[in-house]
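J.: Got a structure for you, written out below as C-alpha cells; questions coming shortly.
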Amino acid sequence: MADSPRTPATDAPHDAPNEAPGVEQNEGVRMPSRRRVKPWQVAVPIVTLVAGLMFAVSSRAAHGTDLRSGNTQLSDVVAGADRRVKEKQQSVASLRRQVEQAQSAAVKKDGPAAQASKINAQASKEEDPAGLAPLTGQAITVTLDDSKKSVDQLPEDGTPDWLVVHQQDVQAVVNALWRAGARGMMLMDQRVVSTSAVRCVGNTLILQGRVYSPPFTIKAIGDPVKLKAALDDDEAVKIYKQYVDLVGLGYDVKTEQNASFPAFTGSLSLKYARAQR
C-alpha cells in the first residue's frame, strides 16, 4: 500500500504535546472524546424498520399478487362488460319463462285471468312480426370480414379504413334484407328488432350492449331468391363489393333450408334525445 504524503510538523513548539482532532489530553494519557449523536443517526434505523414493516404487511395483504397492476387491458374490461350483459340477458329470459308459466297456471284457476289470457293471445299474434316469438324457415346468411392484407399492400391512395368492415356496411346488408321482405333477422347470436341499433367502435360492433369482432354474420329468414336479389341491387352493398375486389374484404352468402331463430328477450324501451329550449 502506498504511503500518503505527510506535512512536516514544523509549526508546533518542540515541547508542546501533539494533539489530534477529537482527542483530549488527560494526565498525559490521550483519551477518545465523546461524540455527539446526530439526529439522522437515530432517524435512519427507525425509517428502515418502518419501511420493512410496510413491505411485510403489503406482501401479506396481496398474497403474492400485485396490488396495483399496470397490466389491465381495455380489451379485458370490454370482455368483462360483455360477459355481464350476456348473463343479465339470460337471467331476463329465465324470469320471463317463469312469468309465462305463472300466468298459464293462473288461467286455469281464475276467471279474470282467463279473460287476460284472451288479450294475451291477441297480443301474441303481433309477436311474430315484432320479433318477440321464435321463428323458423328458409334463410340466407351473409358474412362480412376484414381484409387479410396489410397497409403496404394497398393502392397508392389507399387508407387503413379500406381494410375493415364498418358500421354502414353491416347496416347496408340489414336494410337490404328488410326491404326484401325478411320475416326475421339475427345479427351474430342476437335477434334483431325495430329498436336494435348497430354501432361501430373501432373494428368492433356493439349490439344491445354486447361487443362483437369480425367476421360479422347477418342471417335473415325469408325467400332466399328475393333476399339475394335485394343484396345484388342495393347500391351500398355494391360499393362494399367493390372493396371486396380491390382490397380483399370478406363477403359470403349462403342458403339454409331450415333456420331457427329464438325470440327477442331484451328491452323494447326507446331512448331518445330532447332538444333543450
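J.: For region 137-209, what value does the Rg/Rh ratio take when both radii are computed over Cα atoms and Rh is the Kirkwood radius, given to two decimals?
T.: Ratio of gyration radius to Kirkwood radius for region 137-209: 1.04.
J.: How far apart, in nm, are the 7 Å Cα→Cβ label points at L49 and V201?
T.: Taking the simple label geometry, L49 and V201 are separated by 5.3 nm.
J.: What's the long-distance tail for region 158-277, i.e. % of Cα pairs beyond 23 Å?
T.: In whole percent, the share of Cα-Cα pairs in region 158-277 beyond 23 Å is 35.
J.: Which FRET efficiency, nearest 0.05, do I239 and S213 yield, Cβ-Cβ r, R0 35 Å?
T.: With R0 = 35 Å, the Cβ-Cβ based efficiency is 0.95.
J.: In debye to the nearest 20, how big a dipole does region 125-196 give about its Cα centre with +1 on each Lys and Arg Cβ and -1 on each Asp and Glu Cβ?
T.: 400 debye
J.: Further question: What is the magnitude of the charge dipole of region 155-277 about its Cα centre, with +1 placed on the Cβ of each Lys and Arg, -1 on the Cβ of each Asp and Glu, and no other charges, expressed in debye to the nearest 20?
T.: For region 155-277, the charge dipole is close to 860 debye.
J.: Can you find, among V170, C200, A182, the residue farthest towards the positive end of the dipole of region 127-206? Put +1 on the C-beta of Lys and Arg, -1 on that of Asp and Glu.
T.: With unit charges placed on the Cβ atoms, the residue in question is A182.
Any read-out appearing in this document is the output of simple, stated calculations on the displayed coordinates, not a laboratory observation. Given the structure is predicted, the values throughout are model-derived calculations rather than measurements. Cβ atoms come from the backbone with ideal geometry, glycine included; neighbour counts cover every protein chain shown.
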